[in-house]
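Below: one structure, written as C-alpha cells.
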C-alpha cells in the first residue's frame, strides 16, 4: 500500500478502515462507509474513529518541531520521529489518566503511531501547515531547511535596504502553526492528557477558524460536554442551526433504517451457521429495532435530499450503493415487521454482501462463514460521536482551567 504515502487523506482513510476490522460493532459489511463518513466529516471535520485523546494533536507537532529545531536530516528524520513517539508511551502510562494511550497494551512495540492517526486532523484544523503526506514531509525536510536558510538571507537584504519583511513569505516555510503553544518544560519525559488553558484555547481557535460552519465548532464554542449515545440526543439540540439539525435528521434516519439491514444480515448468517443462540439474540435485537423504528418519518423522508447532503463531500457514493439503499428503504417503508419473511428483502442483503466480498462472501465461502465471529456491523451508526465526546471533554476541561501567569 505504498501508494498512500503521497496522500495523507487516503492514508487516514486506510488506517481507519483497517482499524474498523477490529471493531465488531463498526464493520461495514454492506458498504455504507462513504455515506457514514460524509455525514461525519461534515459534522465533525478532522476527527476519526481511531483518535483517542485531544492532546495528541499537540504531542505530534511538538515532536516534529523539536526534530526540526535540531535540523535533523531527512536520512534520520523518520526514524527519530518514530523513536520519539514510542517514547511517549511510558510517561503517559505513568500518569493518572491511562484512557486512550497509544501503546497501552503493546508498549513501545505499538504498530500504529499517533502521528499517522492525527495527521489528517492536524491539517483539517490548521495546526499542520505543510501540505504533504507524513512520509513526503519526512523526505522533504532538507528542502524545508534550505528554504528557511534562503529566506533568512533574503530578509537580511530586505532589512539592510530598510524595507519590511514579507510575513506571508515566511509563513510558507512553516510546517506548523506559528502560534502553536510551547510544550511543557518536562516534555516528553513527563506528560499527561490534561490540556493547559493556553493549549485548549489554541485548539478551540484553530477549529473555529478552519471549520467555522461545522457542528464541531458550534459544540466547542457554545456547549458543555454531553454524554449521550448519539449527537442528535444532545441536550442543546434545539439551539443547533437549521443546517445542523437537517444533517442530523438525515443522519439519524439513515442510521435507523440501515441498522435493520445489518441485523437482518446477521440473522441470515446465524441461520446459515445453524447457531440457534445467535439467531435468537439477533432476532431479539431485530424486534427491538422494529418497535422503535420511526416508520412515519421514514415514509416522509426525502431520499433525494439525502443524496444532496452526502454526495460530493469528499466521498464517492456509487450508483450500486445508492440503488441498494433506496431498495432497502422502500422495503422498510412498506412493512418493517414483515421484513424477515420478505424474500426480496432477504435476497437484497445477500446479493449486496456477495457483490462486495466476492469469493470471500460468507454466503458462498464456508471457511469465511466459519471464521465469522457472530457480530458484524450490529452497532448503530453514530458518526464518530463516541470519539468526539472524548475530544470535546478534553477541550472543555482545558478551557475550564485557570490561566497560568
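Please treat every number below as a calculation from the coordinates, not as lab data. Please read these numbers as outputs of a predicted model, since none were measured by experiment. Backbone-built Cβ (ideal geometry, glycine too); neighbour counts: all protein chains shown.
Only DSSP H runs of four or more residues enter the estimate; each adds -39500 (n - 2.57), and after division by the residues of the chain the mean residue ellipticity at 222 nm equals -18500 deg cm²/dmol. Across the chain, the mean sequence separation of Cα contacts (distance under 8 Å, 6 or more residues apart), normalised by length, yields a relative contact order of 29 percent.
Ranking of 201, 308, 402 by neighbouring Cβ atoms within 10 Å, starting from the fewest: 402, 308, 201.
The mean sequence distance of close C-alpha pairs (under 8 Å, at least 6 residues apart), as a share of the length of segment 56-194, puts its relative contact order at 34 percent.
Residues 369, 229, 263, 67 in ascending order of nearby Cβ atoms (within 10 Å, fewest first): 229, 369, 67, 263.
Here the label points at residue 380 and residue 95, each 7 Å from Cα along the C-beta direction, are separated by 3.2 nm in the simple model. If R0 equals 56 Å, the separation of the Cβ atoms of residue 186 and residue 361 corresponds to a calculated FRET efficiency of about 0.55.
Considering only 107, 162, 121, the mean-square fluctuation computed in a Gaussian network model of the chain, springs between alpha carbons under 10 angstrom, is largest for 162. When Rg and the Kirkwood Rh are both derived from Cα coordinates, the Rg/Rh ratio for segment 56-194 amounts to 1.03.
Sort 137, 396, 174 so the one with the fewest other Cβ atoms within 10 Å of its own Cβ comes first. Before the final figure, lay out each step's value.
Values: 137 22, 396 18, 174 15.
Result, fewest neighbours first: 174, 396, 137.
Note on segment 308-362: Rg/Rh from C-alpha atoms, Kirkwood Rh, equals 1.05.
In a GNM of the chain with a 10 Å cut-off on Cα contacts, which of 95, 376, 48 has the highest mean-square fluctuation? Answer for the Gaussian network model of the chain: 95.
For the chain, modelled as a GNM whose springs connect Cα atoms under 10 angstrom apart, the maximal fluctuation among 41, 168, 213 occurs at 168.
Per residue, the convex hull spanned by the Cα atoms of the chain amounts to 178 cubic angstrom.
Which stretch or stretches of segment 114-153 have amide N atoms under 18 Å from the point lying 7 Å from residue 160's Cα along the Cα→Cβ direction? Answer for segment 114-153: 149-153. Separation of segment 194-245 from segment 331-401 is 27 Å, based on Cα centroids.
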